[in-house]
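The values are calculated or read from the model by the stated rules, or taken from the named source; none is laboratory data. Given the structure is predicted, the values throughout are model-derived calculations rather than measurements. Here Cβ is always computed from backbone atoms with ideal geometry, including for glycine, and neighbour counts include all displayed protein chains. The protein model used for the area step is the full one, side chains on, heavy atoms only, and it has no ligands, DNA or RNA in it. Shrake-Rupley method; radii C 1.70, N 1.55, O 1.52, S 1.80 Å.
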Amino acid sequence: MANYLVFFFVVSLIAPSVFAERISAYAKMRLASPVLDIGDVDGDWSLVDDGRMIQGGARIGSAWHFSSLWTLSVEQRADYIVHFSEETAQFYSALENNQIEPGIYPLSLNVKAVKANGLALSKSWLLGHASRLELSVNLYEGLRVQSGRLTGQGSVSEQGAVRYDYQIDYGYDENRLLDSPRNSVTGWGHGLDIHYKARFNRWSFDLAFNDLLYRYYWRAPRDKGCLSRPLKPDCSVQSLDREWRQSIPHTHEGQLQYHLSRDLDKPVPSLLYDWQYWGRFESHSFGVKQGSFSVQYEFTKKILGFAYQSDWLAVKWQFDEVELSRARYWQLNANLSWPII
């Protein structure tokens, strides 16, 4: 990631400034892991709280604004999404520390992870004097991948014996199940972003659909078959280098504001409602905004959010714990604009 920042700094310096009205840099990061602290994502799945997912994503890039209507962006991004049943998390805990009640445990786990370089072209349309629609078409070069699904059943006897039998369909550049060496893979992807903003009298509306049709097409190893304990003679896994497709969930988020004064030519206090849907993550926040600053709170997950926005800087930070390693939910969006004179 550090090399990527250096790359964009150099490119920004040599970019044809006579064509670009403005250059901006951005970084967007979000993490959600209700089942355990974010600092323990790669460790034990011992249930600390109810939950059925671990989700993380990061995008960092730079954009060249050639006019008020056209933008060209380059970025590097990473996505990590694991969905599972609570029974699967409990059973995995049994394999780690053998502390689980006897019984039958249905197993279901789905993992989707990717790292890629991206290029995006955005076009905006002014819909009257108070609304704007932006469409971004994104193309990606896939660098790393994990994609698979596990379904089956596990059991723990009264004597503590652990058994399982499950089907697996798993594609990868590096097999994390068997700790095998990293493989060379090729892949490309695409996605679509739609952003709409409008103001009607005292109401302001901001709606975004990101990563629509977010797909990758890989030429990479893929394992298919079954695994069991104890080993069954008719249970095996076939590993082949093949072509396959990976789909990753989109995000849907928005904000609705009500301005407490009709005089919108100067900063006025506003009430706001903010929502997000991202895979299995869902949040609904309420707050207030005054001038460039806003604060909001999500009561169900106890997420606190702060935001600041000016002509050249926009920052939004949401968290349920200030210390990242102890957090279950954490998000940071930042956008820095650099005007060319």
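Here is how the numbers come out for the structure above:
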| read-out | value |
| --- | --- |
| For S147: the one exception among (1) open to solvent by 40 Å² or more (accessible area, probe 1.4 Å); (2) touching a Lys or Arg at 6+ places or on another chain (Cβ under 6 Å) | (1) |
| Single match in D206, D193 (criterion: of a type in the set (D, E, K, R), more than 24 Å from A78 (Cβ to Cβ) and modelled with pLDDT of 95 or more) | D206 |
| Residue under evaluation G279, criteria (1) loosely packed, with under 15 Cβ neighbours inside 10 Å; (2) under 22 Å from I54 (Cβ atoms), criterion not met | (1) |
| Set L304, L256: member being without any contact (Cβ under 8 Å) to a residue 40 or more places away in the chain and either assigned to a strand (DSSP E or B) or in contact with a helix residue (DSSP H, G or I) (Cβ under 8 Å, 6 or more places away or on another chain) (or both) | L304 |
| Test set (1) of a type in the set (V, I, T); (2) at pLDDT below 95; (3) within 16 Å of A208 (Cα to Cα) - T251 fails condition number | (2) |
| Residues within the range 267-282 that are in contact with an Asp or Glu (Cβ under 9 Å, 6 or more places away or on another chain) and touching a residue at least 24 places away in the same chain (Cβ under 8 Å), tallied | 4 |
| Complete set of residues in the range 235-253 that are free of Cβ contacts under 8 Å to residues at least 24 places away in the same chain and outside any strand (DSSP E or B) | S236 |
| Of all residues in the range 307-333 being small (G, A, S) and part of a strand (DSSP E or B), the one that is surrounded by the most Cβ atoms within 10 Å (Cβ to Cβ) | A307 |
| Qualifying residue in the range 289-299 (condition: touching a strand residue (DSSP E or B) at 6+ places or on another chain (Cβ under 6 Å), in contact (Cβ under 8 Å) with a residue 60 or more places away in the chain, surrounded by 14 or more Cβ atoms within 10 Å (Cβ to Cβ) and not hydroxyl-bearing (S, T, Y)) | no |
| Any chance S184 is open to solvent by less than 60 Å² (accessible area, probe 1.4 Å), free of Cβ contacts under 8 Å to residues at least 40 places away in the same chain, part of a loop (DSSP other than H, G, I, E, B) and more than 30 Å from P269 (Cα to Cα) | no |
| Residue tally, condition within 14 Å of N138 (Cα to Cα) and aliphatic (A, V, I, L, M), over the range 62-82 | 3 |
| Tally, over the range 64-88, of residues that are farther than 22 Å from H190 by Cβ, open to solvent by 20 Å² or more (accessible area, probe 1.4 Å) and among the β-branched types (V, I, T) | 0 |
| Every residue from the range 224-234 that is surrounded by 15 or more Cβ atoms within 10 Å (Cβ to Cβ) and either in a loop (DSSP other than H, G, I, E, B) or without any contact (Cβ under 8 Å) to a residue 60 or more places away in the chain (or both) | K224 |
| Matching option when the condition is assigned to a strand (DSSP E or B), in contact (Cβ under 8 Å) with a residue 40 or more places away in the chain, over 27 Å from Y216 (Cα atoms) and of a type outside the set (S, T, N, Q), among R149, R163 | R163 |
| Per-region count, the range 65-107, residues part of a helix (DSSP H, G or I) and under 25 Å from the mean Cα position of the chain (by Cα) | 6 |
| Subset of the range 147-183 [among the β-branched types (V, I, T) and touching a Pro at 6+ places or on another chain (Cβ under 6 Å)] | V156 |
